[in-house]
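First the structure, in the form of structure tokens, and then the observations on it.
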Amino acid sequence: MYRLLFQSFFRTKIFLISLVLLVTVGVISILIGKQYLVKQENAIAASQEFQKESIARNLEYHKEDLGLLLYYLRFTLIKQPSTISAISIGQSDVNPLLQAVTIRGLEGQKYDTDFENPSLLMSGNLDLGFVIIYLFPLVLIAMTFNLYSEEKEQGTWRILAAQTSARAKFLLKKLGIRMLFVFGVLIFLLFLASGVLNIALDQNFWAMFLQSILYLFFWSALCLFIVSFQKNSSFNALALISIWVVLTVLIPAMVNNYVLNTYQVPEALEAMVEQRDGYHEKWDLEKDATMVGFFDAYPQYKNYTVPEEEFSWIWYYGMQHMGDLAAEGTSTEMSEKIMLRNIVSEKVAFFVPTMHAQLSFNSLAGTDMLSHLDFLQGLEKFHEGLRLSFYPKIFENVPADTIDWQVHDVKFHKTTAHLNWLRLLLPTVLVFLVIGVLALLNLRRL
Amino acid sequence: MRKKVIFLLAGQLWKDAFRSKVLLVALGLMGFLLLFSAFSGWENYHDLNHTRDAIQNEAQESWENNPDKHPHRMAHYGSFALRLKHVLSVFDLGMENFVGNAIFLEAHKQNTVNFSEASMSTGLLRFGEVSLAMLLKVIVPLLIFYLGFATIARERENGTLKLLIGQGISRREIVFGKWLGLWGLSLIFLLSVFLVVFSFVLLESNEGTFGDSISRFMVLFISYVLFFAILSAITILVSAFSKTAKGALVKLLGIWLLFTIILPKSLQALGYYLFPTPSKIEMETAVEHDLIQQGDSHNPDDPHFKALKDSVLQVHKVANVDDLPFNYSGFIMAQGEKLSTEIYKDHQARLFQVYQKQNDLERYSAFVNPYTAIKNLSMAFSGTDFRSFLHFKAEAEAYRYHLAQEMNQLQMDLIPNKGKAGPNVISNSYWKEFPPFEYRFLTVSKVFQNELISILALLLWGILGVFGLTKIATNLKAL
């Protein structure tokens, strides 16, 4: 029985088309992932060279004035790249991989973007995640929409119905064969990606693996559910494609529109102006207007004297810090708003497997919003660490060549992993079970 | 061809359509989506522009309120340029949410345009956005296919096609009648969307912008009418060539997936793959490298600036820069700004050329994919394409350069050289006089030039459609 079913499936045109389509696009997506990783490596190498060179050159010009030297020097913090991000590039093309900052005010530097072609950003990356979320369901639809109706329309169903008592079982077997094929291709592509992209077979990989399998289980159940109504092929095709459009295009897009409109972030622009004004107005004010706030923040520097009538670096860097402090409140509000966007999106995604799959892929790959916010927090700490290590040296005008510049190589930021298996798998499992049970109940009427 | 017969057949298609559940469901769904996207598009446009306008004014106000000071302080104080949305962005969001919205303009430095919505969004943004244009580009084509796949194929299956021909109706009349009917149906969706857009245009326009908005609107309208004519023709063609209605539907669904999702995305990805771009840090390194080669104003021994100094001293016949009739450091900064801006612009232009190469692959695919033609055209005329963004960026950079050089000029003219008598600050009336940043959209004629390929492709598709319909009419099989 199985052998016959397999043979008849392998002879269909759709089998061949699907195989070629999935494998080709899958391999392309893995190559795109590879290129993405190479670009990251290049950027990291360039930033290392840039930092080393610029320290050496500026050291030559401004040896005698450490305050001025550090006005120019930029120090780089890089988000620790992980190869798994090549499967789900997510938001990492919009958000920069690294930030090279001076020890001046951070607020004006922290949100600088990297260069990327906006057309590409708009059309999105063709990564393996895309292939799994969009194309695999399409192939499942193409292979199953006439699971029952083709037998009916070709007139073979009557013969079958007469020959076997378990008609539902027959359909399930047919479905099983198609699922087996799709899962086979999926697993092949995932392992191929792991090999080509050097992805460790760690917890995150297996989580992504399981999530993909569950996601396709969900689609298989959905296809079976529509088939179980025993309508004709045209109706099934129409219905399944419509559902696909609703799940992969309309609902996520509408949720996104809603989230963007409901949680607008004017704070981003406000903080930008506040930072500039908070810093620059200090030039025209008494030195105390700066120093009181600065010494409040960092009482350890209280003992340094600030000349009233002339320029001093302690005053200058104090002013710079005051700009950051002026924008601090609004900036925090901004992060909270963005966080809120994330929370609401995830909540809705709980009920929509496509959205959940995308968000969880990004999260496992470390390319989601949260990991970028985490990087920004890391950047704040990094910046403060730099400032606090340099402040006393600047204030005492230590000769620049007595400082060990070797230690100021680029630094890496590790995102703390957060993997909640229940949250990850439960939504898809639940939706799959509900639809699967409904489909089976429907099939009993066959 | 008899007009009356064609209209009769078209009318019949309408009657059948309105009897079917598909159209009712489609109309219901479209009505809901139309309301949703009109509302969310308007809210987005209105709120964001309102915020940006307010911030732009706030920034200008604080600029003007600066006390008397050294002009170079003001060059560092700088200004902001905020990107305003065109009213037609309510129609087509285009790249709106993927490009930055605010840029800090200061001396010596070209900053990035920051705070794109994408940078503050979750991964959901990649599923796309719902806008009025998206409905017309993505959803309505699917509906046209749903409504039209059976037209000829099913008549043939039922044998009614033979009857029609037997009654003396020509094949050409059948084909054109069906096409006209389907096209007409699609125009219901189109007109309702454009009616909404028209009211937005009226609502938001003033004397200065009405001409621009209405001509953009008209181009969009005509393009979409043509686009739907092409899609209807494709539907009829596929239906006519398919043995069964089911076969026609499956083919049309394949075409839809290929046109709207698979082709555009793969080609964009392929373009990216073929023409890699440097990251920002790589470009910054290259810019700095060039700058050091050509003239580094920070380096006291730089040959370029040393030669410049000698020639200035010679022209003015003085031995010391402090004896020059203008402020020398203002002069050096002006020269440095000029040089660094040129170098930066040069690198940036090269980067954008690579972007263009990346995009061209998809752009030229308009000749095989009408969706691409309408997509690019629609974005461009809605003021939400890449070129519109580049235009904003160029205007902002021009303003930045002007601001920096104006401050350098003031320093040269009004600030005394080191050791000379005179004030170290100038009156704040100079800032008050400096005009604020005002963004002007690309002119319509410029947009036409940018979108020549898309327009040409769409027209060719139109011709191809009519040709195809005439051609199948003669070959149409009755059985």
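Listing for the model above:
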{"read-out": "Criterion: of a type in the set (Lys, Arg), facing chain A (nearest Cβ under 9 Å) and not in a loop (DSSP other than H, G, I, E, B) - qualifying residue of B:251, B:265, B:309", "value": "B:265"}
{"read-out": "Per-region count, segment A:110-133, residues open to solvent by 20 Å² or more (accessible area, probe 1.4 Å) and more than 9 Å from chain B (Cβ to nearest Cβ)", "value": "0"}
{"read-out": "Qualifying residue in segment A:271-281 (condition: over 30 Å from residue B:119 (Cα atoms) and facing chain B (nearest Cβ under 8 Å))", "value": "no"}
{"read-out": "Criterion violated by residue A:375 - all others in (1) in contact with a His (Cβ under 7 Å, 6 or more places away or on another chain); (2) over 29 Å from residue A:197 (Cα atoms) satisfied", "value": "(2)"}
{"read-out": "Pairs, first closer than 29 Å to residue B:58 by Cβ in segment B:423-450, second surrounded by fewer than 15 Cβ atoms within 10 Å (Cβ to Cβ) and of a type outside the set (A, V, I, L, M), C-beta under 7 Å, six or more apart", "value": "B:425/B:68; B:426/B:68; B:427/B:68; B:428/B:67; B:428/B:68; B:431/B:64; B:432/B:64"}
{"read-out": "Answer from A:136, A:145, A:170 - the residue that is open to solvent by 10 Å² or more (accessible area, probe 1.4 Å), more than 8 Å from chain B (Cβ to nearest Cβ), at pLDDT 90 or above and farther than 25 Å from residue A:328 by Cβ", "value": "A:145"}
{"read-out": "Subset of segment A:401-425 [of a type in the set (Val, Ile, Thr) and more than 25 Å from residue A:380 (Cβ to Cβ)]", "value": "A:402"}
{"read-out": "Which numbered condition residue B:208 misses (of (1) surrounded by fewer than 16 Cβ atoms within 10 Å (Cβ to Cβ); (2) under 19 Å from residue B:38 (Cβ atoms))", "value": "(2)"}
{"read-out": "So residue A:419, is it open to solvent by less than 80 Å² (accessible area, probe 1.4 Å), in contact (Cβ under 8 Å) with a residue 40 or more places away in the chain, part of a loop (DSSP other than H, G, I, E, B) and within 30 Å of residue A:170 (Cβ to Cβ)", "value": "no"}
{"read-out": "Qualifying positions in segment A:105-133 - at pLDDT 95 or above and of a type in the set (Lys, Arg)", "value": "none"}
{"read-out": "Residue, farthest from the other protein chains (Cβ to nearest Cβ), within segment A:83-108, restricted to residues that are farther than 13 Å from residue A:368 by Cα and hydroxyl-bearing (Ser, Thr, Tyr)", "value": "A:83"}
{"read-out": "Subset tally (residues that are more than 20 Å from residue A:128 (Cα to Cα) and surrounded by fewer than 21 Cβ atoms within 10 Å (Cβ to Cβ)) for segment A:175-196", "value": "2"}
{"read-out": "Search result, residues across segment A:345-365 that are open to solvent by 30 Å² or more (accessible area, probe 1.4 Å) and either touching a Phe, Trp or Tyr at 6+ places or on another chain (Cβ under 9 Å) or among the small types (Gly, Ala, Ser) (or both)", "value": "A:348, A:363"}
{"read-out": "Exclusive hit being surrounded by fewer than 23 Cβ atoms within 10 Å (Cβ to Cβ) and farther than 20 Å from residue A:103 by Cα, set A:288, A:296", "value": "A:288"}
{"read-out": "Test: residue in segment A:87-96 that is open to solvent by less than 50 Å² (accessible area, probe 1.4 Å), of a type in the set (Val, Ile, Thr), within 18 Å of residue B:279 (Cβ to Cβ) and without any contact (Cβ under 8 Å) to a residue 60 or more places away in the chain", "value": "yes"}
{"read-out": "Long-range neighbours under 9 Å by Cβ, at least six apart or interchain, first residue farther than 11 Å from residue A:147 by Cβ within segment A:214-235, second surrounded by 23 or more Cβ atoms within 10 Å (Cβ to Cβ) and of a type in the set (Lys, Arg)", "value": "A:232/B:246; A:234/B:246"}
{"read-out": "Every pair of residues 6+ apart whose Cβ atoms lie under 8 Å, when the first sits in segment B:96-115 and is at negative phi and within 7 Å of another protein chain (Cβ to nearest Cβ) while the second is outside any strand (DSSP E or B) and of a type in the set (Phe, Trp, Tyr)", "value": "B:99/B:386; B:99/B:389; B:100/B:115; B:102/B:115; B:112/A:115; B:114/A:111"}
{"read-out": "Every residue from segment A:240-263 that is farther than 17 Å from residue B:35 by Cβ and open to solvent by less than 20 Å² (accessible area, probe 1.4 Å)", "value": "A:240, A:241, A:244, A:245, A:248, A:249, A:252, A:256, A:259, A:260"}
{"read-out": "Residues (within 18 Å of residue B:181 (Cβ to Cβ), among the aromatic types (Phe, Trp, Tyr) and either touching a Lys or Arg at 6+ places or on another chain (Cβ under 9 Å) or within 12 Å of another protein chain (Cβ to nearest Cβ) (or both)) located in segment B:207-248", "value": "B:227"}
{"read-out": "Residues within segment A:378-416 that are at positive phi and not in a loop (DSSP other than H, G, I, E, B), tallied", "value": "0"}
{"read-out": "Flag for residue B:310 being open to solvent by 10 Å² or more (accessible area, probe 1.4 Å) and either without any contact (Cβ under 8 Å) to a residue 24 or more places away in the chain or within 30 Å of residue B:94 (Cα to Cα) (or both)", "value": "yes"}
{"read-out": "Failed item in (1) open to solvent by less than 20 Å² (accessible area, probe 1.4 Å); (2) of a type in the set (Val, Ile, Thr); (3) more than 28 Å from residue A:194 (Cβ to Cβ), with residue A:12 passing the rest", "value": "(1)"}
{"read-out": "Segments classed as helices (runs of 4 or more DSSP H), wholly inside segment B:86-166, with at least 2 members that are aliphatic (A, V, I, L, M) and open to solvent by less than 20 Å² (accessible area, probe 1.4 Å)", "value": "B:140-148, B:151-158"}
{"read-out": "Residue list for segment A:308-333, restricted to those being surrounded by fewer than 22 Cβ atoms within 10 Å (Cβ to Cβ), within 13 Å of chain B (Cβ to nearest Cβ) and either at pLDDT 95 or above or in a helix (DSSP H, G or I) (or both)", "value": "A:316, A:330, A:333"}
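Condition check ((1) among the acidic types (Asp, Glu); (2) surrounded by 15 or more Cβ atoms within 10 Å (Cβ to Cβ); (3) more than 9 Å from chain B (Cβ to nearest Cβ); (4) not in a helix (DSSP H, G or I)) across all residues:
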site: A:42; (1), (2), (3), (4): no, yes, no, no
site: A:54; (1), (2), (3), (4): no, yes, no, no
site: A:58; (1), (2), (3), (4): no, yes, no, no
site: A:64; (1), (2), (3), (4): yes, no, yes, yes
site: A:70; (1), (2), (3), (4): no, yes, yes, no
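The values are calculated or read from the model by the stated rules, or taken from the named source; none is laboratory data. All of these numbers come straight from a predicted model, not from anything done at the bench. Heads up, the Cβs are rebuilt from the backbone with ideal geometry, glycines too, and the neighbour counts pull from every protein chain shown. When the accessible area is computed, the model is the full protein with side chains, heavy atoms only, and any ligands, DNA or RNA have been set aside. Shrake-Rupley method; radii C 1.70, N 1.55, O 1.52, S 1.80 Å.
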